[in-house]
1. For every other residue with a beta carbon closer than 12 angstrom to the beta carbon of Thr125, add +1 if it is Lys or Arg and -1 if Asp or Glu, then tell me the sum.
2. Taking the Cα centre of the chain as the origin, how large is its charge dipole in debye, to the nearest 20, when only Lys and Arg (+1) and Asp and Glu (-1) carry charge on their Cβ atoms?
3. Distance between the C-alpha centers of the stretch 145-166 and the stretch 168-216? Whole Å please.
4. Please identify the GluC sites (Glu not before Pro) of the stretch 63-142 that satisfy two criteria: DSSP loop assignment and at most 14 other Cβ atoms within 10 Å. Which are they?
5. Tell me the trypsin sites (Lys or Arg not before Pro) within the stretch 201-244 that lie in a loop according to DSSP and have at most 15 other beta-carbon atoms within 10 Å.
6. Taking the dipole about the Cα centre of the stretch 8-269, with the C-beta of Lys and Arg at +1 and of Asp and Glu at -1, give me whichever of Asn80, Gly116, Ile154 is farthest to the positive side.
7. So what is the 222 nm mean residue ellipticity for the chain from helices alone, if each DSSP H run of at least 4 adds -39500 (n - 2.57) and you divide by all residues, rounding to the nearest 500 deg cm²/dmol?
8. Which net charge results when you count Lys and Arg as +1 and Asp and Glu as -1 among the other residues whose beta-carbon is under 10 Å from that of Gly169?
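What follows is calculated from the coordinates using simple rules that are stated; it is not laboratory data. Values in this document were obtained by computation on a predicted structure and should not be read as measured data. We place every Cβ from the backbone using ideal geometry, glycine too, and count neighbours over all the protein chains shown.
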Amino acid sequence: MSVAPRVKIMGILNVTPDSFSDGGRFDSLDKALSQAERLIADGADILDVGGESTRPFAPAVDTAEELRRVIPVITGVRKNHRIPISIDTTKSEVAERALDAGADIINDISALRHDGEMVALVRKTAVPVILMHMQGSPSTMQVDPRYDDVVADIIAFFRERVDWLTSQGVARQRLIVDPGIGFGKTVAHNLSLLKHLDEFSRHLGLPVLLGHSRKRFLGEITGVKSEAERDTATAVAAALCATKDIAMVRVHNVALTRQALQVAEAMATAA
């Protein structure tokens, strides 16, 4: 019996020289398209293409360079596959050009706060939009992050963003929320968010994306220093969170995560 995971798997395709885990591995078109083929073959439901690193203290990338990195990849994938493609960007011009090239989803780590034109773009399209929580910016987010109550505070953040976006004419049913594991959070904050992930869908009534893949807190828990060797911990966390009413997980290793989700969901649905 093969169980198709209820939780969708978003495969990460970073076409950057400096992402925290796979920077430089897929920064040519041939390498990126080969990795896309592998992620699809491994069972990805969505591809998330990003051209700017958001690791802590990462330098900003200008629009022209980000476009140069992502548009050929999206165009190349779309020529051969109908898989949904997400563009991971905070820039409206990059998002618009990506949609024109065949992308289907906007994934904005700033929750549409970075670029004032992004809301206008979202309003005139019909694509789903992922809103992520981040305390500060990539250059500041890991400098002493603090919360009164990390779960309640981030739920309140999303309530404000969703209310504002709907007041701007963006349909609520298009929105997906991402608590932003590792983006301005300590190990304790991240663990609390994982433990209480179901609070987000319960209070907000929106699909939830979990983006925890290979993050530093997994290394601090397990003692595994190499990001690329944290796939087992990533898959375990995904399996444990599969019953917490999440809609999708965003991961580097699709094959291992898919196996973990299959086991978790088979157990959850067993008699």
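1. 0
2. 460 debye
3. One Cα centre to the other: 10 Å.
4. Details: sites: Glu65, Glu66, Glu93, Glu96, Glu117; in loops: Glu117.
Qualifying residues, ordered by number: Glu117.
5. Answer by residue number: Lys225.
6. After comparing all options, I get Asn80.
7. Result for the chain: -13000 deg cm²/dmol, rounded to the nearest 500.
8. It works out to a net charge of +2.
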